[in-house]
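**Student:** Sharing a structure here in structure tokens format.
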Amino acid sequence: MNIKKSNLFYSNKMARIYLMSVERTIGEQAMQKVYDLAEVPADDRPPPNNYARQFDFVYMGAINTALGQMYGYRGEHALTTKAGHDSFTHGLAEYGPITGASDLALKAISLKIRMRIGLKAITETMTKFSDQTTTIEDGGDYFIYTIHRCPVCWGRQAEKPICYSSISLLDAGLRWISRGKHKFKLEEVACHAVGDKSCIIHIWKEPIA
Ligand SMILES: [Zn+2]
């Protein structure tokens, strides 16, 4: 592989949580192979536990590519889905805007308003602590979560959307928003890896029964 830096950065802490999640499942030895394939610098195996924006997007994409090479589509899907969940529960949930919005889960406000506030907090946190610019809009029956610059599929090409960890991060976020009571339909409808401008996930407002 010939790594070309993006000069866009993910926070060390979020990348660390993601990578440690994968390592917990596949073990230390296999993880070294992932790092080798993805050409991750020695100091970043894993990156330090701090909020600095230093982990180049290109390594996030390359790590996911390596997981696909080593474990196939299903393996990559399972590993990155878990890593996305862990990124919310062990990472994003500790960032200021999310903890600040946490008491909204206790207030007697409607689920749709909690979704609006909670999703906004998630997008603002992603934008503040990484170069992953993210926005949320109302699309009527669903919210439109747009990742304008996506680390997950950076430098990758695919036939269908592949940002599984972004979907599972939102899935975990929505569990927090709904106090663990509801699950929501999520669908990645556009992905940079298949040639779209941005990665877009639709979040249906009506919970799955
Ligand atoms: Zn993407």
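The values are calculated or read from the model by the stated rules, or taken from the named source; none is laboratory data. Only a predicted model underlies this, so the values are computations on that prediction, with no experimental measurement involved. So basically every Cβ, Gly included, is an ideal-geometry build from the backbone, and we count neighbours across all protein chains shown.
**Student:** Within segment 1-44, work out how many residues are surrounded by fewer than 16 Cβ atoms within 10 Å (Cβ to Cβ), in a helix (DSSP H, G or I) and touching a Leu at 6+ places or on another chain (Cβ under 8 Å).
**Tutor:** 1
**Student:** Please go through segment 147-168 and pick out each residue that is surrounded by fewer than 17 Cβ atoms within 10 Å (Cβ to Cβ) and over 18 Å from T127 (Cβ atoms).
**Tutor:** Q157, A158, E159, K160
**Student:** Got a sec? Which of I162, I203 is within 10 Å of the ligand (Cβ to nearest atom) and either at pLDDT 95 or above or of a type in the set (F, W, Y) (or both)?
**Tutor:** Going through I162, I203 in turn, just one is within 10 Å of the ligand (Cβ to nearest atom) and either at pLDDT 95 or above or of a type in the set (F, W, Y) (or both): I162.
**Student:** Of everything in segment 151-181, what is assigned to a loop (DSSP other than H, G, I, E, B) and in contact (Cβ under 8 Å) with a residue 60 or more places away in the chain? Give them in sequence order.
**Tutor:** P151, V152, C153, W154, G155, R156, I162, S178, R179
**Student:** A further question follows. Looking only at residues that are in contact (Cβ under 8 Å) with a residue 24 or more places away in the chain and part of a helix (DSSP H, G or I) in segment 124-150, which one is farthest from A62 (Cα to Cα)?
**Tutor:** E124
**Student:** Then there's this: Keeping to segment 45-58, report how many residues are charged (D, E, K, R), buried (at least 18 other Cβ atoms within 10 Å of the Cβ) and more than 22 Å from I147 (Cβ to Cβ).
**Tutor:** 0
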